[in-house]
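Visitor: The structure under discussion is supplied below as structure tokens; questions concerning it will follow.
Derivation of every value follows stated rules applied to the coordinates shown; laboratory data play no part. Remember, it's a predicted structure, so these values are computed and weren't measured experimentally. As a convention, Cβ positions derive from the backbone with ideal geometry for all residues, glycine included, and neighbour counts pool all protein chains shown.
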Amino acid sequence: MDLNYSPDELAFRDEVRAWLQAHLPEDLKEKVATYAHLSRDDLLRWHKILAAKGWVAPAWPQEWGGTGWNVVQRYLFEEELGFAGSPPLVPFGLAMCAPVLLRFGTEAQKRRFLPRIYHGEDFWCQGYSEPGAGSDLAALKTKAVRRGEHYVVNGQKIWTTLAHYADWIFCLVRTDAGAARRQEGISFLLMDMKTPGITVRPLYLMDGGHEVNEVFFDDVSVPVENLVHEEGKGWTVAKYLLGYERMNTGRIGESKRQLARLKEIARSRLDDVRFRDRLSRVEVELMALEITNLRFLDRMRRTGQPPGADVSMLKIKGTEIQQALTELLVQALDPLASDALAAAAGRRYLSMRKTTIYAGSNEIQRNIIAKATLGL
Amino acid sequence: MNFDTSEEQQLFSDSVRRTLARDYDFEARKRTLASEAGWSEQVWERFAEIGLTGLPFPAEHGGFGGGAVDLMGVMEAFGEALVLEPYLATVLAGRLVAQSPQARAILPAVVEGRLRLALAHGEIGARHRVDHVTASAWMEGGHWRLEGEKAAVSGAPMAGRSVVPAQTSQGIELFLATPDAVRAYRALDGTVCGDVVFRKAKADRLGGGLAALEEALDFGTALVCAEAVGVMKSACEATLEYLKTRKQFGVPIGSFQALQHRMVDMFIAQEQARSMACLACSKVDANDGPRDRQRAVSAAKIRIADAARLISQEAVQLHGGMGMTEELKVSHSFRRLTVLAVQFGDADHHLARFASL
């Protein structure tokens, strides 16, 4: 057992760290550090800087722009992005639509969409949740009816993150209402957001921010060539994406940066044993999660298999840690104070409550472990 | 970065597991627990036969020179089987002896299984503070003499010799001595402990002081973490099995989501604890200096103490009334986890140390 990174891995990390230091624009870094709003242009600017370097989609096959890094290198890279305080890479194109196309798409679909995703020419969003289909995703009702060479889509999606920035949306739609199992009547469709009949309505969250939306589909005509995989196989596609290896669900690097910042801000509070001990317990939990994450990577590297269902624990613990850090930050800064940082931290606290709800609520993650790992 | 066990480590933990499976099932353990001695000399002989009593000591004294990482698998297996014999006490005291001129006289007997040792460091009122030492030692007629009392010494009644910190004119130093009196008792988990008294006892000066003692206790804390992970594993497995087999309202109680989520939280706590045990053991072996070591060990002990509490309490709760009974192993696991959570410092003690580093 050796918990230290090898000299090669350390050299790789240092190379990434140095490059990020030199190329992460100061204004973006400042926005992230002060919890400021990131515009579409901000997000795409950073995306394009990484694309130009060839680092925007490390996990893709090399022929499509992947870097050929192993799982440890990919993890280190993602952690360094978080640790440096870079804007997030929006996952809907790079880490969701693209892996689906690579696995299930036709050659024409890959050639049409992948290069544009890579270079940040299309901004994607994800159409999964509906008002009546949240945790119970298979209850979705948005309907797509085949008419000749088109599907006609009617229905509504909700919680659609950054739909107001998006050029394209990938959706789960119901193509067969009479299927024996409700999972069997679902298909995976790609839609141009400019298609007539699509309406985006903002949902303002309690931090006052506009991040998520409702998307309405009213007789939206979608060419059949935009169907991914076979009709009725959408659930297979969605499940594949759930199991797709994600290195960074624990957000270790990001939380390390937040912890360091919190210690700086809360320096005067550290004499207070009650505050200090709460902070220490979160720090210890983060140390443990980092090792747990490395154990998953080690297992993946040894077996060559994607992580099992128990990887859900990284999401559960990672989000609990992110929330705990934000809570301590608010406490350290005092949400009633007049300064801008305190106000921004307060808004961040409000916003971060979403993390245990989105991407499969932590209760759903526990269901997954209970069923698939523990056999309950 | 890798979490592989070496071939040697695998061999050791396999042979420990084979031995425990044969000689240490739950019924055999219960008989030992109920016996007057509270431990088994035959089992100790078996440990010597398979090389366990030599594992942590230098080769020049007949040992294998193993570190904390080498002992992890052993301690985890001990935790699963709830071993009662005073192995850790002998390991820690023996490693302090190994650095001294007395090593040649003492360690071969330890390695061969003829001698057990204790680490008599705790005193009444010390509350895990290592530098709280009132026992004293002085030279008299060409010999060292030791005076004082030590409390809650694990394995004291079965130990031939004890390693004892005492105040000298040079500060705290370590000595090897035999107590003049031992008041034996059983700890909460049934293991044998003793309060010991030295009345001008003849002592051998080992060399090494507070720094050596702190290092030994960190080594011990890392191994306690590994042992606790084994107990947690056993408690989690038993609880999971119970959830799948116990039926109420016509269905296995594990079909209830309220219980499933609690089981998942136990499982996650166990994995987080295992990660920290790995970190602590590798850091006590690493020699990166005391700060790095202490930080990792204290962090591990905080996480393990919290996880021990969660898992032990939930395991009993999910077993219902049966979990309260002596008949089920889970109640014994509860007691062991309660003791391991405080051994060498509880979460509060280590939180204070962690924050001070």
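Visitor: Going by how many other beta carbons lie within 10 Å of each one, how would you line up A:LEU227, B:LEU11, fewest first? All intermediate terms of the calculation are to be shown ahead of the outcome.
Guide: On the way: A:LEU227 22, B:LEU11 14.
Neighbour counts put them in this order, fewest first: B:LEU11, A:LEU227.
Visitor: Quick test of the membrane-span-like rule: which DSSP H helices of chain B reach at least 27 Å along their long axis (C-alpha atoms) with mean Kyte hydropathy at least -0.5?
Guide: Details: long enough: B:210-245 (52 Å, 0.71); B:257-286 (43 Å, 0.09); B:290-319 (42 Å, -0.39).
In chain B, the long hydrophobic H runs are B:210-245, B:257-286, B:290-319.
Visitor: A further question follows. Specify which residue in the list B:MET158, B:ASN287, B:VAL111 is farthest towards the positive end of the charge dipole of chain B, using unit charges on the beta carbon of Lys, Arg (+1) and Asp, Glu (-1), about the Cα centre.
Guide: Checking the options against the dipole of chain B, the answer is B:MET158.
Visitor: Can you list the HN-Hα couplings for the stretch A:290-303, worked out from phi with the Karplus curve (6.51, -1.76, 1.60; θ = phi - 60°), rounded to whole Hz and with x for Gly and Pro?
Guide: 4, 5, 4, 4, 4, 5, 5, 4, 4, 5, 5, 5, 6, 8
Visitor: How far is the Cα center of the stretch A:1-47 from the Cα center of the stretch B:214-240, in Å?
Guide: The distance from the Cα centre of the stretch A:1-47 to that of the stretch B:214-240 comes to 37 Å.
Visitor: Another question about this same structure. About the Cα centre, and with charges only on the beta carbon of Lys, Arg (+1) and Asp, Glu (-1), how big is the dipole of the stretch B:65-190? Nearest 20 debye, please. Each step should come with its number before you reach the end.
Guide: Details: 11 positive and 13 negative charges, 37 e Å.
That gives a dipole near 180 debye.
Visitor: Could you work out the relative contact order of chain A? I mean the mean sequence separation of Cα pairs under 8 Å and 6+ apart, divided by the number of residues, in percent. List each step's numbers first, then the result.
Guide: Values: 561 pairs, mean separation 52.4, N = 376.
Computed over chain A, the figure is 14 percent.
Visitor: Oh, and also: Step through the residues of the stretch B:148-159 one at a time and calculate ³J(HN,Hα) from phi using the Karplus curve (6.51 cos²θ - 1.76 cosθ + 1.60, θ = phi - 60°), rounding each to whole Hz and writing x for Gly and Pro.
Guide: x, 10, 10, 10, 6, 8, 5, x, 4, x, 9, 8
Visitor: On C-alpha positions alone, give me the angle between the axis of helix A:7-23 and the longest principal axis of chain A, in degrees, nearest 10.
Guide: With rounding to tens, the tilt is 80 degrees.
Visitor: How far is helix A:234-243 tilted, in degrees, relative to the longest principal axis of the Cα atoms in chain A, given as a value from 0 to 90 rounded to the nearest 10?
Guide: With rounding to tens, the tilt is 20 degrees.
Visitor: Shifting gears a bit: Using alpha-carbon pairs under 8 Å, 6+ residues apart, how would you state the relative contact order of chain B in percent? Mind dumping the intermediate values first?
Guide: Values: 667 pairs, mean separation 53.9, N = 357.
The value is 15 percent.
Visitor: So for the stretch B:212-356, if I pair up every lysine 8 or more residues apart or on another chain, how many of those pairs have alpha-carbons under 19 Å apart? Please list the in-between numbers first.
Guide: Working: B:LYS233/B:LYS244; B:LYS233/B:LYS301; B:LYS233/B:LYS329; B:LYS244/B:LYS329; B:LYS283/B:LYS301.
Eligible lysine pairs with Cα atoms under 19 Å apart amount to 5.
Visitor: From other protein chains only, count the Cβ atoms within 10 Å of every residue's Cβ in B:292-301, then give the mean. Could you put the intermediate results ahead of the total?
Guide: Values: counts 0, 0, 0, 1, 2, 0, 2, 8, 4, 1.
Mean shielding by partner chains, rounded to a whole number: 2.
Visitor: Lys and Arg at +1, Asp and Glu at -1: add these up for the other residues within a Cβ distance under 13 Å of B:LYS301 and post the number. Can you show the working numbers first?
Guide: On the way: positive: A:ARG281, B:LYS283, B:ARG293, B:ARG295, B:ARG303, B:ARG309, B:ARG353; negative: B:ASP218, B:GLU227, B:ASP306, B:ASP346, B:ASP348.
Combined, the nearby Lys, Arg, Asp and Glu give +2.
Visitor: Something else about it: Rounded to the nearest 500 deg cm²/dmol, what is the calculated helix-only ellipticity per residue at 222 nm for chain B, with -39500 (n - 2.57) per DSSP H run of length n ≥ 4?
Guide: Numbers: 11 runs with 190 residues, N = 357.
Using -39500 (n - 2.57) per qualifying helix, the result is -18000 deg cm²/dmol.
Visitor: Just in the stretch A:89-185: which trypsin sites (Lys or Arg not before Pro) are loop by DSSP and have at most 12 other Cβ atoms within 10 Å?
Guide: Values: sites: A:ARG103, A:LYS110, A:ARG111, A:ARG112, A:ARG116, A:LYS141, A:LYS143, A:ARG146, A:ARG147, A:LYS157, A:ARG174, A:ARG181, A:ARG182; in loops: A:LYS141, A:ARG181.
In loop regions of the stretch A:89-185 (DSSP not H, G, I, E or B), the sparsely surrounded trypsin sites (Lys or Arg not before Pro) are A:ARG181.
Visitor: Of A:LYS141/A:LYS194; A:LYS233/A:LYS317; A:LYS143/A:LYS315; A:LYS53/A:LYS263; A:LYS53/A:LYS315, which pairs sit farther than 25 Å apart, going by alpha carbon to alpha carbon?
Guide: Details: A:LYS141/A:LYS194 22 Å; A:LYS233/A:LYS317 32 Å; A:LYS143/A:LYS315 31 Å; A:LYS53/A:LYS263 33 Å; A:LYS53/A:LYS315 29 Å.
Pairs exceeding the cut-off: A:LYS233/A:LYS317; A:LYS143/A:LYS315; A:LYS53/A:LYS263; A:LYS53/A:LYS315.
Visitor: Still on this structure, I have one more. Within 13 Å, Cβ to Cβ, of A:GLU63, how many net charges do the neighbouring residues add up to if Lys/Arg are +1 and Asp/Glu are -1? Can you show the working numbers first?
Guide: Values: positive: A:LYS110, A:ARG111; negative: A:GLU107.
For residues surrounding A:GLU63, the net value is +1.
Visitor: For the stretch B:167-173, in order, what is each residue's ³J(HN,Hα) by Karplus, 6.51 cos²θ - 1.76 cosθ + 1.60 with θ = phi - 60°, in whole Hz (x at glycine and Pro)?
Guide: Going residue by residue, I get 6, 10, 5, 9, x, 7, 10 Hz, with x marking Gly and Pro.
Visitor: Oh, and also: Could you state the number of Å between the C-alpha centres of the stretch B:127-206 and the stretch A:202-231?
Guide: Measuring centre to centre over Cα atoms gives 73 Å.
Visitor: Another question, if that's okay. Normalised by the number of residues in the stretch B:212-356, what is the relative contact order in percent for Cα pairs under 8 Å and 6+ residues apart?
Guide: Normalised by residue count, the contact order of the stretch B:212-356 is 32 percent.
Visitor: Follow-up. For the stretch B:253-357, which GluC sites (Glu not before Pro) pass both filters: DSSP loop (anything but H, G, I, E, B) and at most 15 other C-beta atoms within 10 Å? Can you show the working numbers first?
Guide: On the way: sites: B:GLU271, B:GLU314, B:GLU326, B:GLU327; in loops: B:GLU326, B:GLU327.
The qualifying sites are B:GLU326, B:GLU327.
Visitor: Another question about this same structure. Using a Cα-Cα cut-off of under 16 Å, which lysines could be cross-linked to B:LYS200, ignoring same-chain neighbours fewer than 8 residues away?
Guide: Those lysines meeting the cut-off are B:LYS150.
Visitor: Using only Cα atoms and rounding to the nearest 10 degrees, what angle (0 to 90) does helix A:340-352 make with the longest principal axis of chain A?
Guide: That works out to roughly 50 degrees.
Visitor: Count neighbours as other Cβ atoms within 10 Å of each site's Cβ, and list the trypsin sites (Lys or Arg not before Pro) in the stretch B:283-342 that are DSSP loop with at most 14 such neighbours.
Guide: On the way: sites: B:LYS283, B:ARG291, B:ARG293, B:ARG295, B:LYS301, B:ARG303, B:ARG309, B:LYS329, B:ARG335, B:ARG336; in loops: none.
For trypsin sites (Lys or Arg not before Pro) across the stretch B:283-342 that sit outside H, G, I, E and B with at most 14 neighbouring Cβ atoms in 10 Å, the list is empty.
Visitor: Skipping prolines and chain starts, which residues have an amide H placed within reach, meaning under 5 Å, of the one on A:ASP122, given they are 5 or more residues away or on another chain?
Guide: Close amide H contacts, sequence-distant or interchain: A:ILE117.
Visitor: Show the residues, 5+ positions off or on another chain, whose built amide H is closer than 5 Å to the amide H of A:ARG146.
Guide: Long-range HN contacts for A:ARG146: A:VAL152.
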